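Since every read-out is calculated from the coordinates, none of them should be taken as a lab result. Remember, predicted model here, so these are calculated numbers, not experimental data. Here the Cβ is made from the backbone with ideal geometry for all residues, glycine too, and neighbour counts use every protein chain on show.
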Amino acid sequence: MSDPADILCERARKGDVAAASELVTAYYQRIFAYLRRLSGNDEDAADLTQKTFARSWQSLGSYQKRSSFSTWLHGIAHHVYLDWRRKRSLGDAQTDEWWEAQSADSPTPFEHTAERESAQQLYRWVDELDDEKKQTVHLHYYQNLTLNDTADVLGVAVSTVKYRLHEALTFLRARSAEAESPIERKVV
């Protein structure tokens, strides 16, 4: 049984504008959300999403169905983000206001298991991770890609994805433990 995205992709390759439009409709929000979390704001995420779809249409002929269309598209989004990141120097971590806006308007894996404040703190800690671990967390947990698909998007081995996730979770657990038992400070 064929993946519906593969059927739409094949039609889009043949110039079917309606099929291309259906693919954009089906994947726009996921790609936008992924790029918003990485870039830090809606404007850059919108530009990066547009570039992702433009690049995907230029490369549609190279899609060989070795992975799902979603994985292939996330791989393009990942490379668009890396290109953008190389061209620009990112400043400090996101503000609390930005994180509040993100958790309020987009579903996350944490909404079902943690209160909003805890989720916002967790997002801030994820933002402290190095770029490789942060991207791995975003793809696997926020975009719900499998370990194999995450590895394909990042162009690394599955063992590397597992290692990065392990390191990220270890860091996040340590930060959580620090928050639960704050160090008493001596007043001088």
Taking r as the C-beta separation of K162 and A26 and R0 as 35 Å, the FRET efficiency to the nearest 0.05 is 0.75
Once the piece of chain linking W57 and A174 is laid out straight, how much longer is it, given 0.36 nm per residue of separation minus the C-alpha distance between them? 37.8 nm
Would you please classify the overall shape of the range 2-59 from the alpha carbon gyration tensor, given that a ≥ b ≥ c denote the square roots of the eigenvalues, rounded means a/c under 1.5, and beyond that prolate means a/b larger than b/c while oblate covers the rest? prolate
Quick check: pseudo-label points 7 Å beyond the Cα along Cα→Cβ at N144 and R85, how many nm apart are they? 2.4
